[in-house]
Amino acid sequence: MDEHLMNDAARRAAAYLQGLDGRPVAASPDAIDGLSELAGPLPEELNDPGEVLALLDRYGSPATTANAGPRYFGFVTGGTLPAASAANWLSAAWDQNAFSFVSSPAATRIEEIALTWLLDLLGLPPTCGGAFVTGATMANFCGLAAARHRLLTDAGWDVEAKGLFGAPEITVIVGDEAHTMLFKALGLLGLGRDRVVRVPADDQGRMRADALPAIDGPTILCLQAGNVNTGAFDPALDICGTAKEAGAWIHVDGAFGLWAAAAPERAHLMAGYVACDSWATDGHKWLNVSYDSGIGFVRDEAALKAAMAATAAYLPQSEHRDPFAYTPESSRRARGVEVWAVLKSLGRAGVAELIERNCRQATRFAEALGEAGNEILNDVELNQVMVAFGDDERTRRVIAAVQAEGTCWCGGTHWHGRAAMRISVSSWATGDDDVEQSIDAIIRVAQRTR
């Protein structure tokens, strides 16, 4: 091992992180053009690893989006907490295949501990099965695959052996404002993106309990904890009882909203969700661990394992929890290490403080931008703020100008026929001063575009 190379990588990484606060959040056109320096024909001979690293840093680092910094408010993206970054570097050096206990006792046991802590933190049943995956798309996939297995098994059909050809039909019910990646997971599972039953939503994107259709036969009901635009939660208390009585499997897409359960002042938003059957969330959003990190939880652990089952003569059989038995992937990185490190570092109080602080900062954005004469389009209950700056054309100009100005980065969206700026506050690095700088920049840019 070249110790000098590793130290150089650590030095460059630290310098990059230290420089985030003083650089524009978006990469400049010149920096993006500079990436062409990394192209060219495939080298024929060996190159010095130190020179390779220097080249990557010289042209790659300036062309990144500073989403690890304090003023990135796009795509509900968290930064990476110091404990997570450090654990990521160490686990990369370990180079563990978090496949089974035999392949890595450390990765397996740490993942198991992290899962126990997550279930405790989020108030979910302690006997749940858990899958550490790439993100909420695959976490949704795992929960829905377990649902498909259980419902069809109960109907006398072995879907893993026979597939869906000739299987009893499963009805899938979703809210009208369900996230697009939920539909992707449904498509991957053969349940169809377009054959779902859509339930009308209210003005905040919440599924209307009074519009829930009658449930009959094998049914998956998908709830949303945290609408990606408004942050709103489907009314689980008003829905779950009826759905459970009818035998439906209730799945929750809670990519970022599920973390509200960890914050005492926001936990009421999760009322009723513990009665559900499966839950999906992201670690790389509000838990602020490195990309990529998603977690799926399933009440019926046996259903998850059956849906993900794989057998071969060479596969280990042990009394330990083997991660490959819970996930679509076999070989994969040790994602549980960073989750463990963050939970150990922050504790219950630290996670709650992070979530509450970001929610308070989102409220500050809404109040200040509203007072400046702009229109806030959602009820700010969590960390999401939508702002319109007049007509759609002007709103889009403001969004583009804010991104180009560089103080902060906010994305665009479309909500109920209106163009809007979407501000997602979900980073540990965001301080109150960063919020005020960003507010000033947005108002200043908006005034210039009148």
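Among the residues of segment 348-382, the ones that are more than 20 Å from the chain's Cα centre (by Cα), over 25 Å from Arg444 (Cβ atoms) and free of Cβ contacts under 8 Å to residues at least 12 places away in the same chain come to 1 in all.
For segment 37-50, the criterion of being among the polar types (S, T, N, Q) and assigned to a helix (DSSP H, G or I) is met by no residue.
Within segment 220-243, does at least one residue satisfy the condition of being closer than 20 Å to Ala146 by Cα, free of Cβ contacts under 8 Å to residues at least 24 places away in the same chain and not small (Gly, Ala, Ser)? So far as segment 220-243 goes, no, none of its residues is closer than 20 Å to Ala146 by Cα, free of Cβ contacts under 8 Å to residues at least 24 places away in the same chain and not small (Gly, Ala, Ser). Filtered by the rule that a residue be part of a loop (DSSP other than H, G, I, E, B) and in contact with a helix residue (DSSP H, G or I) (Cβ under 9 Å, 6 or more places away or on another chain), segment 84-101 gives Gln96, Asn97, Ala98, Phe99, Ser100, Phe101. So which of Thr127, Thr137 ends up being assigned by TED's automatic domain parsing to the domain that holds Ala263, within 22 Å of Ala275 (Cα to Cα) and surrounded by 16 or more Cβ atoms within 10 Å (Cβ to Cβ)? On inspection, the qualifying residue turns out to be Thr137.
Please tell me if Thr80 is buried (at least 21 other Cβ atoms within 10 Å of the Cβ), over 21 Å from the mean Cα position of the chain (by Cα), β-branched (Val, Ile, Thr) and within 16 Å of Val339 (Cα to Cα).
no
A single entry from Ala86, Ala114, Ala107 fulfils the requirement of being surrounded by fewer than 16 Cβ atoms within 10 Å (Cβ to Cβ), within 30 Å of Tyr16 (Cβ to Cβ), in contact (Cβ under 8 Å) with a residue 24 or more places away in the chain and not β-branched (Val, Ile, Thr): Ala86. For Thr80, the conditions (1) under 30 Å from Asp277 (Cβ atoms); (2) not hydrophobic (A, V, I, L, M, F, W, C); (3) not in a helix (DSSP H, G or I) all hold with the exception of (1). Of everything in segment 291-304 that is within 23 Å of the chain's Cα centre (by Cα) and farther than 16 Å from Ala185 by Cβ, the residue that is surrounded by the most Cβ atoms within 10 Å (Cβ to Cβ) is Ser293. With respect to being in contact with a helix residue (DSSP H, G or I) (Cβ under 8 Å, 6 or more places away or on another chain) and surrounded by 12 or more Cβ atoms within 10 Å (Cβ to Cβ), Ala66 fits the description.
Within segment 231-246, if we keep just the residues that are in a loop (DSSP other than H, G, I, E, B) and in contact with a helix residue (DSSP H, G or I) (Cβ under 8 Å, 6 or more places away or on another chain), the residue that is farthest from Ala362 (Cα to Cα) turns out to be Pro235.
Can you tell me which residues in segment 282-310 are within 20 Å of Arg321 (Cβ to Cβ) and either β-branched (Val, Ile, Thr) or not assigned by TED's automatic domain parsing to the domain that holds Asn227 (or both)? Within segment 282-310, Ile295, Val298 qualify. I'd like to check something: does segment 379-387 contain any residue that is over 22 Å from Val133 (Cβ atoms), surrounded by 19 or more Cβ atoms within 10 Å (Cβ to Cβ) and touching a His at 6+ places or on another chain (Cβ under 9 Å)? For segment 379-387, residues over 22 Å from Val133 (Cβ atoms), surrounded by 19 or more Cβ atoms within 10 Å (Cβ to Cβ) and touching a His at 6+ places or on another chain (Cβ under 9 Å): absent. Is it fair to say Ser330 is out of contact with any strand residue (DSSP E or B) (no Cβ under 9 Å at 6 or more places or on another chain), among the polar types (S, T, N, Q) and modelled with pLDDT under 95? Criteria met by Ser330. Out of segment 333-373, which residues are surrounded by 19 or more Cβ atoms within 10 Å (Cβ to Cβ) and not in a helix (DSSP H, G or I)? Within segment 333-373, Arg333, Ala334 meet the criteria. Any residue in segment 295-319 that's under 21 Å from Arg109 (Cα atoms): show its pairings with residues that are β-branched (Val, Ile, Thr) and assigned to a helix (DSSP H, G or I) at Cβ separation under 8 Å, as long as the two are six or more apart or on different chains. Hits for this filter: Ile295/Val339. Return the residues of segment 398-443 that are exposed (fewer than 15 other Cβ atoms within 10 Å of the Cβ), part of a helix (DSSP H, G or I) and not small (Gly, Ala, Ser); say none if nothing qualifies. Result: Asp432, Asp433, Glu436, Asp440.
The values are calculated or read from the model by the stated rules, or taken from the named source; none is laboratory data. Keep in mind it's a predicted model, so treat the numbers as computed, not measured. With ideal geometry, Cβ positions are generated from the backbone for all residues, glycine too; neighbour counts draw on all protein chains shown.
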